[in-house]
Ligand code: BES
Ligand code: MN
Ligand code: ZN
């Protein structure tokens, strides 16, 4: 898809379709009024007859409106003018894009970016419009033999900004929006890939391809033999029941000075989580192919970072592994010595993510990181706490927590903080080892975070539990690409990249 920004008046547009808003009840937006004037009341007539109320998401496609140069006019219901918020704005854009894609307009000029959205500026509106468009048009058809794509898909869209002065921020917004959308798409593609194709070696191939694509990127891999030498016994234990070798892929983006401490992202990359010997129930087990959503989002955000060539050093770690039951699999009762030297009593082999991550988090100490953020589909409890709407954020460093929450707000990619008070640490006590790998049912997401916090003392650290946000279940099953927008925003802020640059 091609995106452009323009600042023009609606009656001058010569396009396959021109998109304008109508508020509830039957009130024309400024731009719609201009079209109404040149068409001698054609649009207001339709509204009076009751063809469109203006409720958010309503669509009315008109052909050959008198005196209008564009072939079609798409009237889009925007709800009550004063109530248009960011959530509604994104829904309206999504519905518009869907409609355009299905009704034969291969190009369009869209004036919805001129609507007033509470608390948001032109940069945000254009960037979200780009991100939402790409999100809406996403399909995963590689493995279908009949693709069923539209005959005349939307190819090009121009977003209008109110004044010429805003063209520059509009263009920045398109550039940034496209870079983020690229990261989101990479994340979705890799996460949607089935587990018989997407295994730890597949993640490593994706990393290697990145190194070919960008000059700033180099990659390395830690295989099982290396892990053995390094004492990463906890990580190794999780993969022991699998025929697929555990591989930790490391992606370096060098955009800053040699001596600049890197920001490190660590993604849980369980390409399939059967639960191991503590086998999961069968219902919906297929969805555990998404248990590499953390690694997929790290890969995705590295694409965004490299595409924008951010002037900072960023390292992305994809902690690839598969959790399977087998004669050689690790078992409940086993006591593992982690790379940090601390011992862990395994009480449930399904609490495997933390066992992989703890060694990855110790491993990254060698990069002397300024900050480490891990991203993981870590606990079902996080879905109980926050549902699919917010990522669970935990951190032992308040400024970092605030920075991430701020980025999440800017990017409209929700996150909510959960506490990591010492009170919860007690739940991890074990009579035989330094800790157990589970802390019981109460506050399951927090005790998982507490477990990780024991391996992150050497740097500023935050943990994102994306169990609820990484994918959608049910009939619209699929990866969401979250939390790429939030992480991308966090890194853009670190790099000092804003609407003006
Ligand atoms: N990958 C799962 C967490 C998960 C569950 C993510 C459902 C998304 C949807 C994780 O490895 C796991 O199995 N966690 C257990 C932990 C428990 C054994 C303490 C869980 O949440 O049930
Ligand atoms: Mn598990
Ligand atoms: Zn898991």
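Mind telling me which of the residues 373, 364 ends up being in the same structural domain as residue 429 (by TED's automatic domain parsing), away from ligand 1 (no atom under 16 Å from the Cβ) and assigned to a helix (DSSP H, G or I)?
Answer to the selection: 364.
From the list 200, 150, 162, 195, pick out the single residue that is more than 28 Å from residue 292 (Cα to Cα) and in contact (Cβ under 8 Å) with a residue 60 or more places away in the chain.
Going through 200, 150, 162, 195 in turn, the sole match is 162.
Across region 464-500, what is the number of residues that are within 16 Å of ligand 2 (Cβ to nearest atom) and either more than 14 Å from residue 300 (Cβ to Cβ) or out of contact with any strand residue (DSSP E or B) (no Cβ under 7 Å at 6 or more places or on another chain) (or both)?
3
Picking from 139, 145, 103, which residue would you name as being at negative phi and within 23 Å of the chain's Cα centre (by Cα)?
One residue alone meets the criteria, 139.
Checking residue 228 against (1) touching a helix residue (DSSP H, G or I) at 6+ places or on another chain (Cβ under 9 Å); (2) over 30 Å from residue 133 (Cα atoms); (3) in contact (Cβ under 8 Å) with a residue 60 or more places away in the chain, only one condition comes out false. Which one?
Residue 228 satisfies every listed condition except (3).
Can you find a residue that is touching a helix residue (DSSP H, G or I) at 6+ places or on another chain (Cβ under 9 Å) and closer than 27 Å to residue 132 by Cα anywhere in region 361-373?
So far as region 361-373 goes, yes, one or more of its residues are touching a helix residue (DSSP H, G or I) at 6+ places or on another chain (Cβ under 9 Å) and closer than 27 Å to residue 132 by Cα.
Could you tell me whether any residue of region 381-390 is within 16 Å of ligand 2 (Cβ to nearest atom), in a strand (DSSP E or B) and buried (at least 19 other Cβ atoms within 10 Å of the Cβ)?
No, because not a single residue in region 381-390 is within 16 Å of ligand 2 (Cβ to nearest atom), in a strand (DSSP E or B) and buried (at least 19 other Cβ atoms within 10 Å of the Cβ).
Take the residues in region 253-279 that are more than 16 Å from ligand 1 (Cβ to nearest atom) and surrounded by 24 or more Cβ atoms within 10 Å (Cβ to Cβ), then tell me which one is farthest from residue 377 (Cα to Cα).
253
Return the residues of region 1-25 that are over 21 Å from residue 158 (Cα atoms) and surrounded by 17 or more Cβ atoms within 10 Å (Cβ to Cβ); say none if nothing qualifies.
23, 24
How many residues, within region 343-361, are more than 11 Å from ligand 1 (Cβ to nearest atom) and buried (at least 24 other Cβ atoms within 10 Å of the Cβ)?
5
Could you list, in sequence order, all residues of region 317-340 that are more than 27 Å from residue 191 (Cβ to Cβ), away from ligand 2 (no atom under 16 Å from the Cβ) and in a strand (DSSP E or B)?
Matches in region 317-340: 335, 337.
Would it be correct to say that residue 373 is over 19 Å from residue 459 (Cα atoms), more than 14 Å from ligand 3 (Cβ to nearest atom) and touching a strand residue (DSSP E or B) at 6+ places or on another chain (Cβ under 8 Å)?
No.
Against the definition (surrounded by fewer than 22 Cβ atoms within 10 Å (Cβ to Cβ) and touching a helix residue (DSSP H, G or I) at 6+ places or on another chain (Cβ under 6 Å)), how does residue 219 come out, yes or no?
The answer is yes for residue 219.
Looking only at region 414-444, count every residue that is under 24 Å from residue 369 (Cβ atoms) and either under 22 Å from the mean Cα position of the chain (by Cα) or not assigned by TED's automatic domain parsing to the domain that holds residue 349 (or both) and tell me the total.
Within region 414-444, residues that are under 24 Å from residue 369 (Cβ atoms) and either under 22 Å from the mean Cα position of the chain (by Cα) or not assigned by TED's automatic domain parsing to the domain that holds residue 349 (or both) number 3.
How many residues are in contact (Cβ under 8 Å) with a residue 12 or more places away in the chain, farther than 16 Å from residue 481 by Cα and away from ligand 1 (no atom under 11 Å from the Cβ) if we restrict to region 280-307?
Number satisfying all stated conditions: 2.
Residue by residue through region 181-198, note down the ones that are in contact with a strand residue (DSSP E or B) (Cβ under 6 Å, 6 or more places away or on another chain) and not in a loop (DSSP other than H, G, I, E, B).
Hits for region 181-198 are 188, 191, 192.
Over 19 Å from residue 59 (Cα atoms) and outside the structural domain of residue 17 (by TED's automatic domain parsing), is that true of residue 169?
Yes; evaluated as a whole, the condition is true for this residue.
Select from region 237-252 the residues that are within 28 Å of the chain's Cα centre (by Cα) and more than 16 Å from ligand 1 (Cβ to nearest atom) and list them in ascending order.
The answer is 244, 245, 247, 248, 249, 250, 251, 252.
The values are calculated or read from the model by the stated rules, or taken from the named source; none is laboratory data. Bear in mind the structure is a predicted one, so any value in this text is a computation, not a measurement. Note: ideal-geometry Cβ built from the backbone for every residue, glycine included; neighbour counts use all protein chains shown.
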